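Structure first, then comments.
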Amino acid sequence: MLALVYNALLTLGLALCAPWLALRLLRSDSRRVALARLGLGRRWLPAPPAPGGLWLHALSVGEVRSAVPLLRGLAARFPRRPLIFSVGTAQGLAMARQQLAGMEVTTLVRPLDAPWAVGRLLDVLRPALFCLVEGDIWPAWQWALARRGAPRLLVNGRVSPRTFKSYRRAPALARGLFAGFDRVLAQTETDRQRLAAIGVGDDRLAVGGNLKFDSAPAPLDRAAIARIAHDLGLVGRPVVVAGSTHQGEEEPCLEALAALKDQWPDLALLLAPREVRRGGAVARLAAERGFRVARVSQGRPPEGCDVVVLDVLGRLAQAYAIGRAAFVGGSLCAVGGHNLLEPAAQGVPVVFGPVVHNFLEMAQMLEDIGGGARIQSGDELLAVWRELLAEPLKAAAMGRAGREFCQAHRGAVARAVEEAASLLERAHGC
């Protein structure tokens with residue numbers, strides 16, 4: 001009965017959203033993914049893999065980066081099982097295919113909980129295990145997987161303060177969302193306590209750590225850093241990096257660059273918007289301020305640019321390595337922050353704004369060990385960047401602390417693989 005009511009309400013909701021969905025379907029750049037998310041058309045179903053596969057789902061780019069090392073870990077532990085990797089966005093699909101090139105993996109866009117899509121896809125995939133990375137929880141998928149005897153594992157579980165308040169207002173709904181998981185691995189002790197408070201039982205709940213520590217790239221050597229600087233047209237230049245920025249965050253970074261050029265006239269800014277499609281708009285912002293600008297999506301930037309816009313997927317994590325200091329976006333606006341580990345893993349001092357509820361404990365720990373600096377405004381960003389450029393020994397010590405922090409907290413992939421193995425043993429005896 002619950003499933004019938006839920007499916008009816010979901011179908012009604014999709015009908016009410018029909019005008020917005022129609023606009024998405026009219027856009028050529030989003031039509032294929034929009035159709036797949038609705039379970040419509042003829043091309044969204046993948047070719048059937050062999051039965052008994054291991055299925056990972058990661059919503060978008062950030063979750064994909066976290067999930068790829070886990071998929072590799074599962075492939076090493078279970079080399080004979082097919083691998084399935086699903087996403088929920090076009091950027092996530094592009095990132096997954098880029099990161100998984102060379103591996104034998106079925107990649108696809110997973111539909112929403114549409115009742116006409118769930119059974120059809122499961123008939124094709126026939127997985128032995130489903131693993132959800134962080135979010136995109138939909139009840140009908142959990143119910144359908146349970147009926148087919150496939151254990152369900154949630155890893156990198158996170159509950160932001162805002163989400164926790166929502167769960168507390170509707171505890172029955174919150175419990176229902178997580179009831180479909182046989183095992184839940186929270187990122188931190190705070191996340192575990194919040195999940196326990198909404199009714200996730202201790203027998204299904206544990207702290208598994210953050211997969212992002214394992215997905216952070218290893219520190220690059222000098223030759224690799226030199227190649228990146230060459231490819232970006234920034235050889236021999238002091239560089240500050242602003243990564244994963246949102247609208248309203250590029251302006252403070254550009255204003256800081258303008259002020260810093262009085263003291264460091266050769267300084268360049270590598271500016272990577274979170275949505276690469278905003279590359280043109282970000283470049284115009286820089287050009288309007290009189291900077292020489294190039295976009296990486298248009299080819300190798302010429303030497304001498306003040307601002308290089310990194311508007312391509314998959315290059316930011318390593319590109320942080322050329323920076324004297326970095327700012328991680330989503331933290332001066334109401335987004336909640338993005339991955340602080342990428343610059344820290346390269347030994348680059350990390351600066352972030354006050355809004356970091358997506359990485360609350362990580363941000364606090366980086367501050368506490370001297371690997372990160374929290375700012376409240378663009379003026380403070382300028383002050384911190386100025387200090388780090390003027391005091392290279394302090395910047396080096398800050399970067400070293402961040403790199404050691406990343407190395408000390410690895411291991412979430414190994415824990416998740418062990419949990420997956422335990423679930424498979426209990427469900428299938430292998």
Rh (Kirkwood, all Cα-Cα pairs) for the range 77-119, Å, reads 11.7
Heavy-atom accessible area of the range 198-319 with neighbours in place, 1.4 angstrom probe: carbon+sulfur share in percent works out to 49
The Cα extents of the range 47-168 along the principal axes, largest first and rounded to whole Å, are 43, 30, 27
Magnitude of the Cβ-charge dipole (Lys and Arg +1, Asp and Glu -1) of the range 120-267 about the Cα centre, nearest 20 debye, reported as 940
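If we count GluC sites (Glu not before Pro) as exposed when they sit in a DSSP loop and have at most 15 other beta carbons within 10 Å, what is the longest stretch of the chain that avoids them all?
Working: sites that count: E104, E275, E303.
My reading of the result: 105-274 is the longest stretch.
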Reviewing (1) 74, 66, 50; (2) 68, 46, 45; (3) 64, 52, 45, the figure for Cα extents along the principal axes in Å actually calculated from this model sits under (2)
TM-like helix rule applied to the chain (DSSP H, alpha carbon span at least 27 Å on the long axis, mean Kyte-Doolittle at least -1.0) gives none
Looking only at aspartates and glutamates whose Cα falls under 20 Å of K165's and that sit 8 or more positions away or on another chain, we get E134, D136, E189, D191, E361
A student asked for the Cα radius of gyration and Dmax of the range 193-333 in angstrom ought to give 18.2, 60
Note to self: with every protein chain in place and a 1.4 Å probe, the chain gives an accessible area per residue in Å² of 43
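The values are calculated or read from the model by the stated rules, or taken from the named source; none is laboratory data. Bear in mind that the values here come from a model prediction, so they are computed numbers and not experimental data. We place every Cβ from the backbone using ideal geometry, glycine too, and count neighbours over all the protein chains shown. These area figures cover heavy atoms from the full protein model, side chains too; ligands, DNA and RNA do not enter into them. Shrake-Rupley method; radii C 1.70, N 1.55, O 1.52, S 1.80 Å.
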